[in-house]
Amino acid sequence: MLTDSFGRLIVEVIAIFILIVFFDYTFGWLERKSIAKAQFRHGPTYVGKFGILQNLADIVKLLAKENIIPKNADKLVFSTVPLLLLALFIFLIYLLPFPDSLGIDISVGLLAIFVLLSFAPLLIFLTGAASGNKFSLISAQRSVIMSLAYEVPLILSVAAVALYAGSFNIADIVNSQAKIPFIVLMPIGFVVFFIAMLAELERPPFDLREADSELIAGWLVDVGAPYYAVALFVDYTRMFLGSLLISLLFLGGWLGPYLPGLIWLLIKAFVAAVVIVIMRATTVRMRLDRLMRFGWFWLLPLAVLNIILTFMLFVK
Amino acid sequence: MNDERFENAKREMEQLVVDSLKNYKAPVGAFFTNLKEATRAIASGTIRWSRKNSLWPMQFGLACCAMELLDFGSSRIDAERKGYLLFRGTPRQCDVMIVAGWVTKAVAPEVKRLYEQMAKPRYVIAYGECAVSGGPWWESYNIIKGIDQIIPVDVYVVGCPPKPENLFEALMKLQEKVGGKVED
Amino acid sequence: MLTRINVGPIHPSTHGVLRLVVTLDGDTIVDVEPHIGFLHRGVEKLAENRMYMQSESYMEKIDYVAPMAYSDLYVAAVEEAMGIHPKERAKYVRLILLEFQRIASHLLWLGAFCNDLGQIFTMFMWTMKDRDLILNLLQDVTGSRMFYVNMRLGGVSIDLPPNFEEHANKLLDYLEKRFKDYETFLEKNPVFIERTKDVGILKREDAIALGVTGPVLRASGVNFDVRRDYAYYVYEKLHFIPQVQTKGDSFARYKVRMREMKESIKLIRDALKLMPEGDALGMPIKLISPPVKESEVIVRRELPRGEGMIFMVTDKQRPYRLAIRAPSFINLSALRYIAKGARYADLFSILGSLDLVMADVDR
Amino acid sequence: MKIKKEELIERLRELSRSGYNYLVKITAVDYIDHLEVIYFIRNMQNKKEENVRLDLKNGESLPTVIEIYKSADYYERELSEMFGIAIEGRDVKRLLIEKWDGLEAPLRKNFQWGSEYKSG
C-alpha cells in the first residue's frame, strides 16, 4: 500500500507542477498580449503562431546569458534566496486543494498558507539587501514596510470567510459556496481581499518594490540575467497562487455546471488574473506613505466591518 | 651531440603521444561522445534561436535620436512584434545597447561603464549620425567623433535622425548576425 | 540617518542624461543636487563660427522635442538684425506650425509624466500615437519628420500644401476628442489625483524669485505669457488668452499644459480661417546674407517649455556673440527648492512635471 | 543702463525693490580687451525690462547677486565656467563640462579648440 500511495504522490506532484508551468507560460503570453492591446499594439506576433513562443525564447536566452554577481553582494544570500522564493511559492501551491482530490487536503490549510505567505516580503528583503546596491536596499525596505499595510486586512478578510464556512480547510470553504459564492455574500470582504492581494502580488498600483521609474528595477537591479528568469517565474507563480486563492475563497473554486472542476478553477483563475492585468495597464503607482494610510484607515476598518456583518447576518 | 636539442626532440615526442591519446576514441566511448556532441549541437541551436528572437534593448536615451527610439517602441512601429521590446532599465538583463545621440567627453566613461555592466552576449547599435561619427557636432570641442572609439559597434544606422523603421531594419540585421548568417 | 543616493547620469526617468545626488532622511528628501553638463556641445560657440543661416539646424537640435520653436526663435533674431519683416501669410503659417509643434511637445510630456508616475507606458503609447499624427502632418508640409529647418528669412521654405486646411481640421477634431478622453482617464483616477495634488508646491513669490518660466510659472499663478505680453506674429489678432492656475503643484502644471493644448487648437482653427492668400516663401539660403542693420538684438518667444530669449551681438556675416536663454536650464535650477521635503517617490513626478529637455539645459 | 562694477549690488537692490524682481538672464560678451556683463531683469507687474551692463577687465572678478536674485545661481556658475570669470562671495563649482581636459573658458575668443578624445 505504501508504494501505491507513494506512486500517487509522485503523479500528483508532477501533475501540479505541469499545471503551474502551464499557467505561468500561458499567463505570461496573455499578459503581454492584453497589455499590447490596451496600448494599440499587437504584442509579439513573429515568433511562433501569435507569438506564442516569444516567452520561451526570452526564458532560454536569459538562462543562457552570463550570470553576474556584483562584488559588493553577499554571494551566498544573493544566489540562493531567489531560488528559495520560487520554492516557497511552488510549495504554497502544493498546499492548495484541487478538484478530484488532487493536492494535499490539510485541515488548517488556510492558516498554513497565510502564515507562509508572510515570509515572501522577508525573502525579497534579503535579496534586495544582499545585492549591495542602494536602489535594491530602498526596494527591500519598502517591501517590509508595505507588508505592514496590507497583511492585517488581508488576514482579517480571510477570517470572515473562515468564520462563515466554520473551517480552516479550503475544500470545506469551497463546498460551503455551493449555493452562492462569497463574492455575493460579502462584497466588502472581497474588495478588501482583492486590494490586499494586489499588494501581496506586487501588482500596480502597488508595485512599489519594482518601481521602474524610481528604482530602475527595485530589488532586481543587480540581479543577473538567469536570476531574472527565476524572478519572472516567481512573479507568475505568485500570480497563479493569488488568482487561485481569489477563485477558491470568493468565486466558488471548482464548482460550476457542465465542465469538469479543474477547467472551472482555471477559467476563474484566468479571469481574476486578466482583471489584475487590466488594472496594471491603466493605473499609476501609489506612494508608500499613502499606501500605509490607505491600509490602516480604509482597508482595516472595512475588514473589521466585514467580519462584524458576517457574524451578525450569517453566523448567528 | 647537443644536449639541448636532444631534450627538445624528446619533449616534442612526448607531446605527440599525449596529443594522440587525447584524440583517441574507444569504440564504446565514441557513441557517448557523438551523443554529447549531438546534444550540444541541439542545445546551441536552441540557444542561438532564442538569442536571435529575443533581443532586449536597454532603456537608454541620450539625445535627439532617443525621440525616435521612443517612437520605435510605441504603437506605430510596435517593436514588440519581433520581441525587441522589453525595455529594462538595468544593464544586467539587456542584450542590445542602442546608443541614440551624441556622446560627450563627460558621458563617454558612463557609456563605456554601462557596456561593461551588460552581461554577455551583448551587442551595440550606433543609432544616428552623432553616434556613428559625431555628425553635425564634428567640430565641437566636447564631442566624441563616433562611439566606436570607446566600445565595439555591431550595426551602424545613419541619418539625422534615422527613422524608426531604420532601427527596425538594423535590429533585423543584428538578428542575422546573432543567428549566424553573417560573419563578424 | 541620512542616505545619499546617486541617481543617474543614465536613469530611465531623467529624460536624458542628468545626474542627481539625493540625500534622503528615511523616505524624505533633504537635498537634491543636480549635476548637469553631460550633453554640452557648445552650440553658442559653434554658432559664432557659422554664417547666419547655417546655424539654424544647430538651433533645432537644442530642443529636440520641439525643434521648430527654436529655429523660429533664431530666425526671428536674424530677421530683426537685418530689418526684415516676415510676410503677412508667413506669419500665419508659422503660427499654425508652431502651435502644432507645441501640441506635439505637450503630448510627449503628458505620456512621459504618466510614465514617471509609474504607469507601464499605456498613456505614453496613446499620446505617442497622437503625436505621430501631428508629426505626419508636419512631414507633409516640410518633408521631414523631426528636424524641419523650414524657417527662412521673411517666411518659410515651403508653403502649406493645398489640402492642408482639410487635413488639419480633421486632425484637430480628433485631437479634441482625445484630450477629453485623457482628462476623464486621468482626473477620475483617484491614484493620479493623489500623486499629483499638493505635490511639489511652488508658491508665487518663489516662482518669481527662482526665475522659472513657461507653464511652471503660470501654474504658480503668475499671469505672464510671451505670446501676449510681447505679442509677435498674429497672437494679438487671435485674442490669445494665457492659461493660469494658482495652486502651483504638479496637478496645476498638468492642468496648465492640458489647457494650453486646447488653447492651441483654438488658435490654429482661428488662424486657418483668417489666413490670407498670397505668398509665404522666404529668401532662399545663400552664403552671403543681406546686410546687418542692428548691432544688438534681443528676441523673445514662448517655446513649449517656457520663455526663450536670444541676445545676439552681430557682426557682418556671422554672430559675434549668441546668448541663448534656455527655459529648461532655469526650470531645472528650481528643482532643488521644490523637491526639498518631498518623498523620494515624488522626486521623479516633480522632475517630470517641470518638463525638462536635457540638451536644452546643457546646450 | 551702463554702471560701474562697484555699484552693481546697490543698483540691483534698488531695482529689485522698485519691482524689477525677475531675473531673465545674465550673460557676457567678450570684446577681447574687456568683457561686458549684462543683467536682463524684468518687472513682473507691468512687464517692463531693464538691461544692466558693466565692463570687466580681463581677469577681474564679479560680485555675486545671489542674495538679490535667487535664480542668479545657475547663471553665475555658467558665467564662471564659460568665460572664466571668478565670482566673489560664493563657491562656484564646475558646472557644465565635467571631466574636461584642461581647456578653459570656451566662449572666450582666444579659446583653442579641443583635442581628440583618448579612450581608456
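Okay, helix-only estimate at 222 nm for chain B: each DSSP H run of n ≥ 4 adds -39500 (n - 2.57), divide by all residues, round to 500 deg cm²/dmol; what do you get?
-15500 deg cm²/dmol
What relative contact order, as a whole-number percentage, does chain C give when Cα pairs under 8 Å and 6 or more residues apart are counted?
Relative contact order, chain C: 27 percent.
Mind putting together the pair-distance distribution for chain B? All Cα pairs, 5 Å bins, whole percent per bin, short to long.
1, 7, 13, 15, 14, 10, 6, 5, 5, 6, 6, 5, 3, 1, 0, 0, 0
When Lys and Arg each count +1 and Asp and Glu each count -1, what net charge do the other residues less than 13 Å away from C:A81, Cβ to Cβ, add up to?
Around C:A81, the surrounding residues sum to -1.
By how many degrees, 0 to 90 and rounded to 10, does the Cα axis of helix C:67-82 deviate from the longest principal axis of chain C?
Computed tilt is about 50 degrees.
To the nearest whole percent, what portion of all C-alpha pairs in the stretch C:233-334 is separated by more than 20 angstrom?
Percentage above 20 Å: 62.
Need one word for the protein assembly as shown: rounded, prolate or oblate. Basis is the Cα gyration tensor (sqrt eigenvalues a ≥ b ≥ c); a/c below 1.5 gives rounded, then a/b vs b/c decides.
On the way: a/c = 2.01, a/b = 1.46, b/c = 1.37.
It comes out prolate by the Cα gyration axes.
Round to the nearest 10 and give me the degree value, 0 to 90, for the angle of helix C:250-274's Cα axis relative to the longest principal axis of chain C.
Computed tilt is about 20 degrees.
So for each of C:99-111, D:67-79 I average, over its residues, the number of other beta carbons within 10 Å; can you give me the resulting order with the highest mean first?
Listed from highest to lowest mean packing, they are C:99-111, D:67-79.
What percent antiparallel are the DSSP beta bridges of the stretch D:2-88, to the nearest 5?
80
Sorted from largest down, give the three principal axis spans of the alpha carbons of the stretch A:167-316, whole angstrom values.
52, 39, 27
Give the average over all directions of the projected area of the C-alpha convex hull of chain C, one decimal, in nm². Mind showing how you got there, number by number?
Details: hull surface 68.9 nm².
With the hull built on Cα positions only, its mean projection is 17.2 nm².
Measure nothing fancy, just the Cα-based angle from helix C:164-187's long axis to the longest principal axis of chain C, in degrees from 0 to 90, nearest 10.
10
Give me Rg over Rh for the stretch C:6-89, both radii from the alpha carbons and Rh done the Kirkwood way, two decimal places.
Looking at the stretch C:6-89, the ratio lands at 1.19.
Just to confirm a number: summing +1 for Lys and Arg and -1 for Asp and Glu over residues other than A:G43 whose beta-carbon lies under 14 angstrom from that of A:G43, what do you get?
Residues close to A:G43 contribute a combined charge of +3.
Over the stretch D:2-88, consider all pairs of different Cα atoms and compute the Kirkwood hydrodynamic radius from their mean reciprocal separation; express it in Å, one decimal.
13.1
For chain C, what does the helix formula give at 222 nm: sum of -39500 (n - 2.57) over DSSP H segments with n ≥ 4, over the residue count, nearest 500 deg cm²/dmol?
The helix contribution divided over chain C gives -15000 deg cm²/dmol.
Would you mind getting the Kirkwood hydrodynamic radius of the stretch A:2-315 from its Cα pairs, rounded to one decimal in Å?
Averaging 1/r across every pair of different Cα atoms and inverting gives 20.5 Å.
DSSP H helices in chain B with Cα extent of 27 Å or more along the helix axis and mean Kyte-Doolittle hydropathy at least -0.5?
On the way: long enough: B:3-23 (31 Å, -1.27); B:27-53 (40 Å, -0.33).
Qualifying helices, which must be both long enough and hydrophobic enough, are B:27-53.
With θ set to phi - 60°, apply the Karplus curve 6.51 cos²θ - 1.76 cosθ + 1.60 along the stretch A:84-90 and write out the HN-Hα couplings as whole Hz, x wherever there is a Gly or Pro.
4, 4, 4, 4, 4, 5, 5
What is the stretch C:182-302's relative contact order, in percent, from Cα pairs under 8 angstrom and six or more apart in sequence? All intermediate terms of the calculation are to be shown ahead of the outcome.
Working: 113 pairs, mean separation 31.8, N = 121.
Relative contact order of the stretch C:182-302: 26 percent.
Taking the Cβ of C:V21 as the center, what net charge do the other residues with Cβ under 9 Å away carry, scoring Lys and Arg +1 and Asp and Glu -1?
Working: positive: C:R4, C:R19; negative: C:D31, C:E33.
Local net charge: 0.
As an exercise, use a Förster radius of 56 Å and the Cβ-Cβ distance of C:T246 and A:I308 to find the FRET efficiency, rounded to the nearest 0.05.
That gives a FRET efficiency of 0.80.
Can you pull out the trypsin sites (Lys or Arg not before Pro) in the stretch A:3-78 that DSSP calls coil and that have at most 10 other Cβ atoms within 10 Å?
Loop-located and lightly packed - A:K71.
Given Cα pairs under 8 Å that are at least 6 residues apart, what percent is the relative contact order of the stretch D:2-88?
Relative contact order for the stretch D:2-88 comes out at 28 percent.
What list of ³J(HN,Hα) couplings, whole Hz, do you get for the stretch A:240-251 from phi and the Karplus terms 6.51, -1.76, 1.60, once you set θ to phi - 60° and write x for glycine and proline?
4, 4, x, 6, 5, 5, 4, 6, 6, 7, 10, 9
For chain A, what is the calculated [θ] at 222 nm in deg cm²/dmol (nearest 500), taking -39500 (n - 2.57) for each run of four or more DSSP H residues and dividing by its residue count?
The per-residue figure over chain A is -22000 deg cm²/dmol.
What would the Debye formula give as log10 I(q)/I(0) at q = 0.19 Å⁻¹ for the alpha-carbon point model of the stretch A:109-185, no solvent?
With one equal scatterer per Cα and no solvent, log10 I(q)/I(0) is -0.80.
For the stretch C:50-63, in order, what is each residue's ³J(HN,Hα) by Karplus, 6.51 cos²θ - 1.76 cosθ + 1.60 with θ = phi - 60°, in whole Hz (x at glycine and Pro)?
3J(HN,Hα) across the stretch C:50-63, in whole Hz: 10, 5, 3, 7, 6, 7, 4, 5, 4, 4, 5, 7, 5, 10.
Since every read-out is calculated from the coordinates, none of them should be taken as a lab result. Only a predicted model underlies this, so the values are computations on that prediction, with no experimental measurement involved. Positions of Cβ are backbone-derived with ideal geometry, glycine not excepted, and every protein chain shown enters the neighbour counts.
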